[in-house]
Every structure is written in structure tokens, then in C-alpha cells.
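Student: Handing you this structure, nothing more for now.
The values are calculated or read from the model by the stated rules, or taken from the named source; none is laboratory data. Computed from a prediction, not measured in an experiment: that's the story for all the values here. Every residue, glycine as well, gets a Cβ built from its backbone with ideal geometry; the counts of neighbours run over all protein chains shown.
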Amino acid sequence: MVTTAGERTLRADAQRNQDRIVAAAQAAFAELGYEVPIEEIARRAGVGAATIYRRFPTKERLLRAIFDVRIAELEAAIAASAAIGDPLDGLLAGMRALIEIQTANMVFLQVLDRAGVMPELRGEIRERVFVPLAALFARAQASGQIRADLDPSELPLLIQMITATAKHSSECPMQHASERYLALLTDALRTPAPSELPKL
């Protein structure tokens with residue numbers, strides 16, 4: 001099928017509209033919560049409410065679109081981390097990418113939870129994020145750089161420890177706090193003379 005320049009322009013315009021809607025929706029949800037009117041999102045995006053309803057008939061569909069954008073960014077970052085030659089550096093890059101996206105989107109994650117859609121997304125997050133991250137963890141263990149008495153399945157809890165601690169830190173911005181606690185966790189993960197862990 002031949003695609004004309006006009007059709008390509010229309011598709012590009014439609015994509016730009018969708019990108020604006022998704023960006024405006026995330027900002028509005030983060031600022032005003034799940035109850036934000038679609039009309040307010042439309043005003044911020046510079047489109048009519050009918051345009052949003054045509055593309056996203058429900059708020060859940062709009063939340064899903066925002067989630068898809070953020071998770072695609074994270075997948076790309078973890079894939080780039082896997083290409084890093086040093087296994088420990090690759091693991092830390094992948095963990096840092098996840099922590100950065102989590103801390104930057106903390107309020108949005110709360111909105112997802114408030115909307116009741118997190119349960120259906122957790123399995124997808126596990127497959128698209130934590131499975132490749134666990135592979136980086138296993139690679140670092142196989143290289144001898146990470147202590148052998150940890151299991152890759154513990155990664156979600158380790159990440160949660162950092163984000164929860166950074167969230168409640170009053171000493172510095174969340175991003176700086178997460179870097180600080182990731183550095184501390186890295187020291188705990190390294191193999192040189194680690195403390196013996198109690199069995200799970």
C-alpha cells in the first residue's frame with residue numbers, strides 16, 4: 001500500500017496530539033488526583049474533550065497509555081544496561097533506571113493504585129522489568145561481583161527499600177537520596193567479606 005505525504009502528516013499530527021494528551025494527563029493526575037475531570041486534561045493538552053474521549057473512552061485507558069509510555073522508557077533503559085560490559089555496572093545502571101522512574105512518578109503510581117488498576121499491571125511489570133533486571137543480577141553474581149547468598153527474586157524488595165527510604169528522607173531531594181541509598185546498597189551487595197545472611 002502506498003502512503004502519501006498527506007497521510008503521513010495526518011498520522012504525525014495525530015501522534016503529536018496523543019503525546020500531548022498523555023503528558024497533560026500525567027501532570028493533571030499527579031497534581032489533582034484520579035478525580036481530575038477529562039475537561040481539565042483536554043484544556044492542558046490544547047484539545048477538545050471529545051478528542052480525548054475518542055482516543056481514551058475511560059480514564060483507565062488513559063492511565064494505561066501513560067503506563068505504556070513510562071514502561072517502554074524503562075525497558076529501553078534496562079536493555080541499554082544489559083549492553084554494558086561490566087556485569088555490576090550493568091546491574092546498577094538497570095536498578096538506577098528503575099529507581100529514577102519510580103521516584104519521578106511516585107504520585108502517578110499512587111493514582112494507579114487509587115484507580116484499582118495496579119493488580120493487573122503487577123504481572124506485566126514483573127515480566128517486562130524485573131525478569132530482565134533479574135537476569136542482570138544473575139550475570140553479576142556469576143561474575144563473582146555480587147554475593148551469592150542473595151536471590152534475584154529479592155530485587156523488588158531491595159528496590160522498594162531504596163524508594164521508600166528516599167521518599168521519607170527530609171535531608172535532601174528524593175533523587176539525591178535515592179542515589180545515596182543505592183550507593184549504600186551496592187556496598188552491601190558486593191562480595192568482599194559480606195556478613196552472613198539469615199536464611200529466608
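Student: Step by step: first the residues of region 38-60, then only those that are loosely packed, with under 12 Cβ neighbours inside 10 Å and closer than 24 Å to Met118 by Cβ, then the one that is nearest to the chain's Cα centre (by Cα). Which residue is that?
Tutor: Among residues in region 38-60 that are loosely packed, with under 12 Cβ neighbours inside 10 Å and closer than 24 Å to Met118 by Cβ, the one nearest to the chain's Cα centre (by Cα) is Thr58.
Student: Looking at Ala42, Ala65, can you tell me which residue is more than 23 Å from Gly123 (Cα to Cα) and small (Gly, Ala, Ser)?
Tutor: Of Ala42, Ala65, the one residue that is more than 23 Å from Gly123 (Cα to Cα) and small (Gly, Ala, Ser) is Ala42.
Student: Val69 is checked against (1) at pLDDT 95 or above; (2) assigned to a helix (DSSP H, G or I); (3) in the same structural domain as Ala97 (by TED's automatic domain parsing) and fails just one. What number does that condition carry?
Tutor: (1)
Student: With the structure loaded, tell me whether Ala83 is surrounded by fewer than 20 Cβ atoms within 10 Å (Cβ to Cβ) and either modelled with pLDDT of 95 or more or farther than 28 Å from Gln15 by Cβ (or both) or whether it fails that test.
Tutor: Yes, satisfied.
Student: Let me ask something additional. Residues in region 114-125: is at least one in contact (Cβ under 8 Å) with a residue 12 or more places away in the chain, under 22 Å from Ala188 (Cα atoms) and touching a Phe, Trp or Tyr at 6+ places or on another chain (Cβ under 7 Å)?
Tutor: No, because not a single residue in region 114-125 is in contact (Cβ under 8 Å) with a residue 12 or more places away in the chain, under 22 Å from Ala188 (Cα atoms) and touching a Phe, Trp or Tyr at 6+ places or on another chain (Cβ under 7 Å).
Student: State whether one or more residues within region 45-66 are among the charged types (D, E, K, R) and modelled with pLDDT of 95 or more.
Tutor: Scanning region 45-66, I find no residue that is among the charged types (D, E, K, R) and modelled with pLDDT of 95 or more, so the answer is no.
Student: Now for a different question. Of all residues being part of a helix (DSSP H, G or I) and β-branched (Val, Ile, Thr) in region 21-59, which is farthest from Gln110 (Cα to Cα)? Just the residue, please.
Tutor: Among residues in region 21-59 that are part of a helix (DSSP H, G or I) and β-branched (Val, Ile, Thr), the one farthest from Gln110 (Cα to Cα) is Thr51.
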